[in-house]
Each structure stands twice: as structure tokens, then as C-alpha cells.
1. Restricting attention to the range 117-142, and to residues there that are open to solvent by less than 40 Å² (accessible area, probe 1.4 Å) and aromatic (Phe, Trp, Tyr), which single residue is nearest to the chain's Cα centre (by Cα)?
2. Six or more apart or on different chains, Cβ atoms under 7 Å: show the pairs whose first residue is in the range 83-108 and under 19 Å from Asp146 (Cβ atoms) and surrounded by 21 or more Cβ atoms within 10 Å (Cβ to Cβ) and whose second is at pLDDT 95 or above and among the basic types (Lys, Arg).
3. Which numbered condition in (1) surrounded by 10 or more Cβ atoms within 10 Å (Cβ to Cβ); (2) part of a loop (DSSP other than H, G, I, E, B) is the only one that Asp312 fails?
4. Quickly run through the range 235-261 and pick out the residues that are open to solvent by 30 Å² or more (accessible area, probe 1.4 Å) and within 11 Å of Gly295 (Cα to Cα).
5. Select the helices (runs of 4 or more DSSP H) contained entirely in the range 1-120, then report the ones holding at least 2 residues which are modelled with pLDDT of 50 or more and under 30 Å from Ala231 (Cβ atoms).
6. Does at least one position in the range 183-196 carry a residue that is in a helix (DSSP H, G or I) and aromatic (Phe, Trp, Tyr)?
7. State yes or no: is Ala145 open to solvent by less than 20 Å² (accessible area, probe 1.4 Å) and over 23 Å from Gly79 (Cα atoms)?
8. Would you confirm whether any residue within the range 197-211 is in a loop (DSSP other than H, G, I, E, B), farther than 30 Å from Pro72 by Cβ, modelled with pLDDT of 95 or more and of a type in the set (Asp, Glu)?
Amino acid sequence: MVMRSKPLSVLTPFSLLAVAFLLLLAGCSGDNEFSGSQMQSDESSGIAGGSSGARLLPVNTEILTRRVPANPDRNAYYGDLHVHTANSFDAYVFGTMATPADAYRYAKGGSLAHPSGFEMQLRRPLDFYAVTDHAVFMGLVKEAADTTTEFARYPQTEILHNINAPDNFGPLSLLGRSKAFRQSITSFLTGLLDGSIDSAVTDAVTKSVWLDSVLAADEAYVPGIFTTFAAYEYTTSTDSRGNLHRNVIFRGTDKLPAMPFSRLNSQNPEGLWVWMDGLREQGIESLAIPHNGNGSNGQMFKLTDWAGNPMDDAY
């Protein structure tokens, strides 16, 4: 956008006054430069003076002495606390093949292949990062796609078999991927609820994938340069599909639960908080950060609890 000056005919009274003042200053300053003698302070009056009669306030030494010295620890740090890899059901269905180790390498400045085929790379490495794959069905879609696994033998997984085969990328694959996404999530949930899918099989997958994610965070950690966190996404919603997702970030990795708490444990976020309180009693600190509250249909901001009761002091 080009900014143009107003013609003199449309200047406001205030603008005209300012112009007159500037002209007056120009006339008083002569060659428009101050000599050294004109900038010297008159200690008796506390006002700078000189032969030109200019009146300038002295330097405010009190402000200068009170200025807080530079603190090297008061920096702005940049990172990402919401990252999905091939271990998330939605990411893998739509072509994401990157592992947690790949994600951390990307955050540190390495390149990463986009599902569409081009390479991505940050202009500047990040300072902190957390892979937050969905706890619900963690690793299961990837496991279902591999027809050699035990989980892939369940009929509910057939629509996902080889979904990321090399010849199944491109715009035309999106229709099949969308169908697979919708059907697999529903069939997995139904199978776990009615017992046609053995939860011991799915839990073993999730435990292994969760451990791999934690190890990737530890391996990528560079003290003082690149901070990583063990983390995941608790993915739940209201019955009307209001988004109640939270990113759960752990303070350390020396002591962690064997499996993350998911929607399969409780649809109610209050269940997550009770679980986190139990971990805290064991010395495991964590933080739950709301994610995409704008998609909650107002449910993240209501003034009642899950059951509709008014908030009290305990809540």
C-alpha cells in the first residue's frame, strides 16, 4: 500500500498548527545544527542552554541507573507442542510416514518428506518440541496396514491393508483414505467394546509405540540447545462432537506410565485430571494444554462440570 500525503487544502487545523510550529523551529535553528556549546548543561537551571536560547531537558540519569541489565535467560523460545507422526490414526491414514525420530530431526533443522512428495525444511531450527500422537488407537492404523502383524488379522483392519503402498499416493487416493479413516475408527471402537478385538493385542502395540516415542524424545534432547518432552494427545469430545482435546506434556522421562490415558479410559476430561493427580502423587509431573478449543462448540468454556453441575471451589 502506498501512503500519500494530504494536500494542504485538506489539512486539519491540528495539522496546520504542526506545520506552523515546524516552520518556526526551522527559522529559529539557523543552519539547523546545534554546536557543542549549545548542548552543554546549565547546572544552575537544570536546563540545557546556549547562545541560541534552546531549552533542552537533561538526560534522566535516574532512569538510566534503574534500567534492568540484560538477562541472558530472558529469551523468547520457539517450538511446537502439537505434532503427529505415523503413530496417529489420522496422520497415517492420510499418508504420513514419519516416525517420532524423524519429527525431532526435522525440528532440529533436518529435511522431511511431505506425503505429497516434496521436501520440507525449517528456515531455523526450533528450541523445543514434543511429539503428541493420539493416545486412542496409538500405533494401530500403522499396525493394521502391515499385513504381517497379529493385529492385521482382524477383519476390521482389512480396509487399511497396505494403505500407504508406493502406488497408493496421489489425489485419487484421498477418497479411499477418507473412507478408510471413517470406517476403521468406528470398527476399532466397536470391536474393542464387544470383545471381537482383544484389548491385550492393541495394548501391546500402544505400549511399544509409546515407549518408542519416549526414547525418541530422550535421544533428540540436547541440553541447553534443544528441549524435548515425552507427550501425547488425549483425544475426546462431547456426544455432540465438541472438541475437548488436550496435549499432555510430561516434565521428565525417568518415570512414566506404561500407557497414556485415552478416551478409551474416560470420555470425561475430569477423568484425565484424576489420572494426572494420581501420577503427581507418585512424583510424575504433567501438564494438560487444551487444543483447538475453538472447535469445542463452547464446551471448553462452559461454567459447569461434565455432569452439568455448577463449578465449586473443589472443581
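1. Tyr129
2. Qualifying pairs under 7 Å: Ala86/Lys142; Asn87/Lys142; Tyr92/Lys142; Val93/Arg177.
3. Exception for Asp312: condition (1).
4. Scanning the range 235-261 gives Arg241, His245.
5. It comes to 89-93, 100-107.
6. Yes - at least one qualifying residue is present in the range 183-196.
7. yes
8. Looking for residues that are in a loop (DSSP other than H, G, I, E, B), farther than 30 Å from Pro72 by Cβ, modelled with pLDDT of 95 or more and of a type in the set (Asp, Glu), one finds at least one in the range 197-211, hence yes.
The values are calculated or read from the model by the stated rules, or taken from the named source; none is laboratory data. Just so you know, these numbers come straight off a predicted model, no measurement behind them. Methodologically, a virtual Cβ is constructed for each residue, glycine included, from the backbone with ideal geometry; neighbour enumeration extends over all protein chains shown. To get the accessible areas, we keep the full protein, side chains included, count just its heavy atoms, and leave off ligands, DNA and RNA. Shrake-Rupley method; radii C 1.70, N 1.55, O 1.52, S 1.80 Å.
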